[in-house]
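Everything on this sheet refers to the single structure shown next.
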Amino acid sequence: MKIRGSNIVVTGCAGFIGSHLTDALLAMGNQVVGVDNLSAGRREFLENAEGYAEFRFVQADLLSDDLRSLFKGADTVMHMAANPDVRSGAKDTLSHYRQNIEVTYRVLEAMKDAGVKDLVFPSTSTVYGEPTVIPTPEEYGPLVPISVYGATKLACEALICSYAHSFDMGAVMFRFANVVGTRSTHNVLHDFAAKLKADPGRLEILGSEPGTTKSYVHVEDCVRGMVIGAEYARNKVEMFNLGSDDRMSVKDIADTVIDVMGLDGVRYEWTGGVQGGRGWIGDVKNMLLASDKLRSYGWEPTMNSPQAIRRAVRDIVGRSD
C-alpha cells in the first residue's frame with residue numbers, strides 16, 4: 001500500500017489517534033483530507049495539521065453526509081472514526097452499532113462508488129474476547145468478544161474483508177492494545193488523576209485487587225506501527241496485532257499515577273467490580289498481544305507498558321520531571 005506522496009482521507013481526524021496519524025501522514029508528504037464531526041474530536045488537535053497547505057479539514061457526519069464527494073480522487077481512506085468507549089456498550093448498544101458498524105458500511109460503500117482501492121482500519125484486541133492463548137497471535141480463534149464494542153469492531157472487520165474480496169480493494173487492519181498518550185480524553189489514567197485531584201487521600205478503583213492486567217502502547221509507537229504495517233502490506237487483506245510485549249495491572253497503574261503526582265499514603269478502595277472482579281461489563285481480564293508479525297517488518301515500540309503509562313500520566317497532570 002502506497003502512503004507516501006498520496007491523496008489520503010482520514011476519518012476521525014480530530015480524535016486521539018486520528019489526529020496523531022494525520023500529523024504523521026502530512027510529515028510524510030501526503031495530501032490529506034481530514035473528516036470529523038467534532039462530536040468527540042477536538043479542533044485544537046488539528047493545530048499542527050492546519051499549518052500544512054496539503055491539509056484540508058471537512059466537518060461532516062459520516063452517518064448522514066455524502067461521502068462519495070469527499071472520497072473522490074483519494075488513493076486511500078484511513079477510517080479512524082468510531083465510538084471507542086468500551087464501558088458504554090452495556091448501556092448504549094445503539095450508538096456502538098451506528099457509529100462503528102453502520103458508519104463503516106457507509107465508508108465502504110462510498111469507497112466502492114468513488115473508486116478508492118485502499119483502506120486502513122483500526123480494530124481492537126477486544127475482538128479476541130478472553131483468549132486462552134497469551135500472548136495472543138492474529139491467527140487465534142474462535143473470536144468471541146465479550147463487549148458490544150469488541151463485537152462491533154469484529155463485525156467491521158468482516159465487512160471490510162468482504163468488500164476487499166468482492167470489489168477488488170486492499171485492506172490493512174490493526175488490532176490495538178490499549179493506546180495511551182497526548183490528546184487522549186478518557187481512560188483509566190484520566191479517571192485516576194481526576195479522582196486524586198478531588199481527594200488526594202483515597203482512590204476508588206473499579207474491580208477487585210489487583211484489577212485486570214493488560215498491555216499498553218504509546219500513541220507515537222502506535223502510529224509508527226500503522227505506517228510500517230500499511231507500507232509493507234502485500235496481501236489483499238492484512239491483519240496486524242499492535243502492542244507492547246508486557247502488561248500492567250490496574251494496581252500498577254494506580255501506583256504510577258500516585259507516584260507521578262507526588263502523593264503519599266493514598267488509600268485504595270476497591271469496589272469489587274462485576275462478573276468476578278471485572279471493572280465493568282465487557283472488561284477483559286487479561287490481554288497481551290503477540291505482535292511478531294509487525295515486528296518482522298522492523299517495527300519495535302520505543303516504550304514498554306510502564307514507560308508509556310508514565311509518560312501519558314505526566315502529560316495528563318502536567319508534570320515534566
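Neighbour counting of Cβ atoms within 10 Å sorts the residues T93, T302, T104, fewest neighbours leading, into T302, T93, T104. Placing +1 on the Cβ of every Lys and Arg and -1 on the Cβ of every Asp and Glu, with no other charges, gives the stretch 77-130 a dipole of roughly 60 debye about its Cα centre.
Computed over the stretch 280-321, the P(r) curve from all C-alpha pair distances, binned at 5 Å from the origin, holds 5, 16, 15, 17, 18, 16, 11, 2 percent per bin.
Taking the average, over residues, of other Cβ atoms within 10 Å as the packing measure, peptides 202-208, 264-270, 114-120, 79-85 rank 79-85, 114-120, 202-208, 264-270 from highest down.
Projecting the Cα atoms of A60, T11, G41 onto the charge dipole of the stretch 1-73 (Cβ charges, centred on the Cα centre) puts T11 farthest toward the positive pole.
Relative to the longest principal axis of the Cα atoms of the chain, the long axis of helix 250-260 makes an angle of roughly 80 degrees. The calculated 222 nm mean residue ellipticity attributable to helices in the chain amounts to -9500 deg cm²/dmol, summing -39500 (n - 2.57) over DSSP H runs of n ≥ 4 and dividing by all residues.
Mean-square fluctuation check for the chain, GNM, Cα pairs under 10 Å: which of M78, M111, M261 is largest? Of M78, M111, M261, the Gaussian network model singles out M261 as fluctuating most.
Here the translational diffusion coefficient of the chain follows from Stokes-Einstein with Rh set to the Kirkwood radius across Cα pairs; for 20 °C and 1.002 mPa s it amounts to 107 µm²/s. Beta bridges assigned by DSSP with both partners in the chain are antiparallel in approximately 5 percent of cases. Each listed q (0.10, 0.12, 0.19, 0.20 Å⁻¹) maps to a log10 I(q)/I(0) for the stretch 84-240 from the Debye sum over equal C-alpha point scatterers, namely -0.44, -0.62, -1.37, -1.47.
Charge tally for V219 (other residues, Cβ to Cβ under 11 Å; Lys, Arg +1; Asp, Glu -1): -1. Rank G225, T256, A194 by how far each Cα sits towards the positive end of the charge dipole of the stretch 179-283 (+1 on Lys, Arg Cβ; -1 on Asp, Glu Cβ) and give me just the farthest. Going by the charge dipole, the pick is G225.
The phi-based Karplus calculation (6.51 cos²θ - 1.76 cosθ + 1.60; θ = phi - 60°) puts the 3J(HN,Hα) values of the stretch 310-316 at 4, 5, 5, 5, 4, 4, 5 Hz, whole numbers, x for Gly and Pro.
Within a straight-line Cα-Cα reach of under 26 Å, K117 can be paired with the following lysines, leaving aside sequence neighbours fewer than 8 residues apart in one chain: K2, K72, K153, K236, K293. The stretch 210-239 and the stretch 19-40 have Cα centres separated by 18 Å.
The dipole here belongs to the chain: it is taken about the Cα centre, uses +1 on the Cβ of Lys and Arg and -1 on the Cβ of Asp and Glu, and is about 140 debye. Cross-link partners of K251 among lysines, defined as those whose alpha carbon lies under 21 angstrom from its own and excluding same-chain residues fewer than eight positions apart: K195, K197, K214, K285. Straight-line reach from K112: taking Cα to Cα under 14 Å and skipping same-chain neighbours fewer than 8 places apart, the aspartates and glutamates in range are D66, D75, D168.
Peptides 273-279, 240-246, 126-132 ranked from most to least packed give 240-246, 126-132, 273-279, packing being the mean of other C-beta atoms within 10 angstrom over each peptide's residues.
Our note on the geometry: Cα centres of the stretch 155-202 and the stretch 281-321, 12 Å apart. Rounded to the nearest 20 debye, the dipole size of the stretch 1-106 about its Cα centre is 260 debye, using +1 on the Cβ of Lys and Arg and -1 on the Cβ of Asp and Glu.
Every number here is computed from the coordinates shown, using simple stated rules; none is lab data. For clarity, every value in this text was computed on a predicted model and none was experimentally measured. Counting neighbours? That spans all protein chains shown, and the Cβs are built from the backbone with ideal geometry, glycine included.
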